[in-house]
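Chemist: Questions regarding the structure given below will be posed in turn.
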Amino acid sequence: MQALLELAPVAAFFIAYALGGIYVATEVLMAGMAALLAVDYLLRKRIPTMHALSAVLVFGLGAATLLLHDKHFIQLKPTALFWLFGLGFLASFWIGKQTLTERLFSAALQGQVQVPENIWRRMNGLWVVFYGLLGGANLLIANYASEKAWVYSKIGLTVLTFIFAIVQVVYLVRRGGQPEATPPVQEPPPV
C-alpha cells in the first residue's frame, strides 16, 4: 500500500505527460506531491524525510520549470535526488552507528541473517556509486535524448533501482550467516 502511495505522483506525471505534455505533467506532479505529503501527515502524523526532500525538489524545480517555461529544471530533479541520496549513503560511513544500507536492509531481513560489518560497508559503498551513476545517466538522457525518452527513462531507472535492491538482498542472504542463537536458560540443579 505504501509503495503504491509513493508511486502515485509519478504515475500521475506519466499520465499527464501523455495527455498534456511536460508542463501539464509538472503541474500534476507538484499537486501529487502535495497530496502525498497531506496523506503522510494524516496517516502518520509526520512526513518522512525522503518525501519531504523529494517534495522540496519538485516544488522548487517545478516552479522554475513553469515560471520560466523551461523543462530543464524539472529534468534536474531526479539527478539532484539521486545525488543527495548518494551523499546520504556516503555520510553514513561516518555518521551514526550503522551505515544507511544496514539501517534500511536490516528491517527487510528482520534479523534472519547475520551480516558482517565489512559486507554492510561494501554494500553501502555500492549504493553511493549506484546513485552517482543514476544521476549521471539522468543528466545524459535529459541533455542528449528527446523529451519523451527522458520521461519514459524514469520507468527504467526506477525498475533498475528495485532490481539493484533485490540483488543486494539476495547477496546479503547468501553471504550472511545465521543469527547467533541465544543460549538456553539452564535451570539450577534441584537441592
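Chemist: Find how much the distance from Leu42 to Asn143 grows on full extension, using 0.36 nm per residue of separation minus their present alpha carbon separation; answer in nm with one decimal.
Modeler: Taking Leu42 through Asn143 to full extension adds about 32.5 nm, to one decimal.
Chemist: Can you tell me the accessible area per residue over the stretch 62-114, all protein chains present, probe 1.4 angstrom, in square angstrom?
Modeler: About 58 Å² of surface per residue is accessible.
Chemist: Right, something else. Could you give the angle, 0 to 90 degrees to the nearest 10, between helix 49-68's Cα long axis and the longest principal axis of the Cα atoms of the chain?
Modeler: Helix 49-68 and the main axis of the chain meet at about 10 degrees.
Chemist: Name the residue, out of Ala107, Ala165, Ala137, whose mean-square fluctuation peaks in a Gaussian network model built on the chain with Cα pairs under 10 Å.
Modeler: Ala107
Chemist: What order do you get for 76-82, 90-96 when each peptide is scored by the mean count of other beta carbon atoms within 10 Å, highest first?
Modeler: Highest mean packing first, the order is 76-82, 90-96.
Chemist: Can you list the residues of the stretch 58-99 with backbone N under 16 Å from a point 7 Å past the Cα of Leu5, pointing along Cα to Cβ?
Modeler: Counting backbone N atoms under 16 Å from the label point, the list is empty.
Chemist: Using only the Cα atoms of the stretch 1-91, build the gyration tensor, take square roots of its eigenvalues as a ≥ b ≥ c, and label the shape rounded, prolate or oblate: rounded if a/c is under 1.5, else prolate if a/b is larger than b/c, else oblate.
Modeler: Since a/c reaches 1.5 but b/c is at least a/b, the shape of the stretch 1-91 is classed as oblate.
Chemist: For the residue pair Phe59 and Arg175, what label-to-label distance in nm results when each label sits 7 Å from Cα along the Cα-to-beta-carbon direction?
Modeler: 3.9 nm
Chemist: Hey, another quick one. Pairing the Cα long axis of helix 2-20 with the longest principal axis of the chain, what angle in degrees results, from 0 to 90 and rounded to the nearest 10?
Modeler: 20 degrees
Chemist: What is the chain by shape, rounded, prolate or oblate, if you read a ≥ b ≥ c off the alpha carbon gyration tensor as root eigenvalues and call it rounded for a/c under 1.5, prolate for a/b larger than b/c, and oblate otherwise?
Modeler: It is prolate, given that a/c is not under 1.5 and a/b is the larger ratio.
Chemist: Same structure again: Please give, to one decimal in nm, the separation of the simple spin-label points placed at His72 and Thr158, each 7 Å out from Cα toward the Cβ.
Modeler: Those two pseudo-labels are separated by 2.7 nm.
Chemist: Among rounded, prolate and oblate, which fits the stretch 36-83 when a ≥ b ≥ c are the square roots of the eigenvalues of its C-alpha gyration tensor, a/c under 1.5 means rounded, and a/b larger than b/c means prolate?
Modeler: Verdict is oblate for the stretch 36-83.
Chemist: Counting Lys and Arg as +1 and Asp and Glu as -1, each charge on the Cβ, what is the dipole of the chain about the Cα centre in debye, to the nearest 20?
Modeler: 140 debye
Chemist: While we're looking at this one, here's another question. Say the dipole of the stretch 4-107 comes from +1 at the beta carbon of Lys and Arg and -1 at that of Asp and Glu; which of Trp83, Phe93, Ala35 then lies farthest toward its positive end?
Modeler: Phe93
Chemist: Which value in nm describes the separation of the simple spin-label points at Val24 and Gln110, placed 7 Å from the Cα toward the beta carbon?
Modeler: 4.4 nm
Chemist: Quick check for the chain: number of Lys pairs with alpha-carbon distance under 24 Å, counting only pairs 8 or more apart or on different chains?
Modeler: Summing the qualifying lysine pairs gives 4.
Chemist: Per the 1.4 Å probe, what fraction of the accessible area of the chain, in percent, lies on carbon and sulfur atoms?
Modeler: 69 percent
Chemist: Hey, another quick one. Give the angle, between 0 and 90 degrees and rounded to the nearest 10, that separates the Cα long axis of helix 147-175 from the longest principal axis of the Cα atoms of the chain.
Modeler: Its long axis makes an angle of about 0 degrees.
Chemist: Dipole size in debye (nearest 20) for the stretch 1-96 around its Cα centre, Lys and Arg Cβ +1, Asp and Glu Cβ -1?
Modeler: Result for the stretch 1-96 is approximately 200 debye, rounded to the nearest 20.
The values are calculated or read from the model by the stated rules, or taken from the named source; none is laboratory data. Since the model is a prediction, treat every value here as computed from it, not as a measurement. Here the Cβ is made from the backbone with ideal geometry for all residues, glycine too, and neighbour counts use every protein chain on show. Heavy atoms of the whole protein, side chains included, go into the accessibility calculation; ligands, DNA and RNA do not. Shrake-Rupley method; radii C 1.70, N 1.55, O 1.52, S 1.80 Å.
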